[in-house]
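**Q** Sending over a structure as structure tokens; questions will come in a sec.
The values are calculated or read from the model by the stated rules, or taken from the named source; none is laboratory data. Note that this is a predicted model, so its numbers are computed, not measured. Cβ atoms come from the backbone with ideal geometry, glycine included; neighbour counts cover every protein chain shown. Ligands, DNA and RNA are stripped out before the accessible areas are found, and what is left, the full protein with its side chains, is counted by its heavy atoms. Shrake-Rupley method; radii C 1.70, N 1.55, O 1.52, S 1.80 Å.
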Amino acid sequence: DSDSVFRAPRVDYFVGNLAGIINAATPRHIGDALFRPWTYDDPMDNLSLKFDPSEDRRHALQWTAPSGDPERTKRGNVLGANRLAIEAIPLFPAIIQGSHLATTGCTGVRGSRVITWCLWRAPVTVDTVRSLLSQPALSKHAPDLAAMRTVGIPVVYRCRRVTIGKTRIFTRAFPV
């Protein structure tokens, strides 16, 4: 791919979605995302990064065309989660590697990427998070989970970003 593995919305919507999320999210949205069950009561239209598998709104999966769905302007999104995700994107830097863009924590081939991340036990600094996420062991097909636990990483998660036609979606995360 020639751009970020984290770009799921169409390229012409992505920057607008980022700005919309930043401008619309309030401290209440952040608190709800962190400390309450997700109710998907926030508007989705141009306010989503499409990281949540429930946001897969392709036409074949619903009765009406997604672009004309009036519900998108009312609900279907967790705005605070999207705002927090924006803060996490810089923790997955990308560099040019040969003729393509390589992103920390991402493996796979064009059209089917795997994103891997971990959770940690103790409070850590942002620099430590960057270090944890860039561990080469995380990208192995079968990471040594026992070794991970010894450095305070109790669980490793993965999801897939797949491209179906022109639509990019993220699958539900699963523990490795």
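**Q** Those residues that are small (Gly, Ala, Ser) and part of a strand (DSSP E or B), I need them from the range 105-141; list them, please.
**A** In the first step, residues of the range 105-141 are kept if they are small (Gly, Ala, Ser); the result is 105, 108, 111-112, 122, 131, 134, 137, 139.
108, 112 - these are the residues of the range 105-141 that are small (Gly, Ala, Ser) and part of a strand (DSSP E or B).
**Q** Is it fair to say residue 149 is surrounded by fewer than 16 Cβ atoms within 10 Å (Cβ to Cβ) and assigned to a loop (DSSP other than H, G, I, E, B)? Don't jump to the end; show me each part of the working.
**A** Working: surrounded by fewer than 16 Cβ atoms within 10 Å (Cβ to Cβ): yes; assigned to a loop (DSSP other than H, G, I, E, B): no.
No.
**Q** Would you please list the contacts, defined by Cβ atoms under 7 Å and residues six or more apart or on different chains, that run from a residue in the range 89-104 that is within 23 Å of residue 127 (Cβ to Cβ) and assigned to a strand (DSSP E or B) to a residue that is open to solvent by 80 Å² or more (accessible area, probe 1.4 Å) and β-branched (Val, Ile, Thr)?
**A** That search, which allows pairs on different chains as well, returns 102/95.
**Q** Taking the range 25-82, which residues are open to solvent by 50 Å² or more (accessible area, probe 1.4 Å), at pLDDT 90 or above, among the charged types (D, E, K, R) and under 26 Å from residue 115 (Cβ atoms)?
**A** 36
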